[in-house]
Amino acid sequence: MAEGGAGSNVFSMFDQSQIQEFKEAFTIMDQNRDGFIDKNDLRDTFAALGRLNVKNEELEAMVKEAPGPINFTVFLTMFGEKLKGTDPEETILHAFKIFDVEGKGVLKADFIKEKLMTQADRFSEEEIKQMFTAFPPDVRGNLDYKNLCYVITHGEEKD
């Protein structure tokens, strides 16, 4: 029987597929597989994403956002608090911004393809082709993810 504790309702905020996606993300970030995300896990996660020189202060600030050690329930609660009141476009946009370390609003199409085909719920070659057909990169191979997020959530391109 479930306890009625303060954190017990966090799982009711998300449906089962969302919880599974958060679990996959947590597992990817828990680099040393100890069931907790700490500063070293964050550093390794950033390194895996190509960002090698993350400052210690940045990592400490991230870890300090949690009320204690970051296990899966704490991780889910933190996301629940951050996502409360955000619309789907804002949520998707935030996911892309993580990879846009220079803040340019565009990402290399090859980079996006590689990430979508190798991480979490992997895209097939066909799904990538469909995405780039519907939303082609520019002549320099950049994908305007802000426009893409708008199209995903509103179903049509901005004028």
Quick one: how many residues across the stretch 101-133 are surrounded by 11 or more Cβ atoms within 10 Å (Cβ to Cβ), assigned to a helix (DSSP H, G or I) and touching a helix residue (DSSP H, G or I) at 6+ places or on another chain (Cβ under 9 Å)?
9
On the basis of being part of a helix (DSSP H, G or I), assigned by TED's automatic domain parsing to the domain that holds TYR145, under 30 Å from ARG140 (Cα atoms) and modelled with pLDDT under 85, does ILE92 make the cut?
yes
In the set ILE70, ILE98, the lone residue that is among the β-branched types (Val, Ile, Thr) and loosely packed, with under 13 Cβ neighbours inside 10 Å is ILE98
Residue check, ASN32 without any contact (Cβ under 8 Å) to a residue 24 or more places away in the chain, among the polar types (S, T, N, Q), exposed (fewer than 12 other Cβ atoms within 10 Å of the Cβ) and in contact with a helix residue (DSSP H, G or I) (Cβ under 8 Å, 6 or more places away or on another chain):
yes
The lone condition GLU81 fails out of (1) in a helix (DSSP H, G or I); (2) at pLDDT 90 or above is (2)
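The values are calculated or read from the model by the stated rules, or taken from the named source; none is laboratory data. Owing to the predicted nature of the structure, the values given are computational and were not obtained by experimental measurement. FYI the Cβ positions are ideal-geometry reconstructions off the backbone, even for glycines, and counts take in every protein chain you see.
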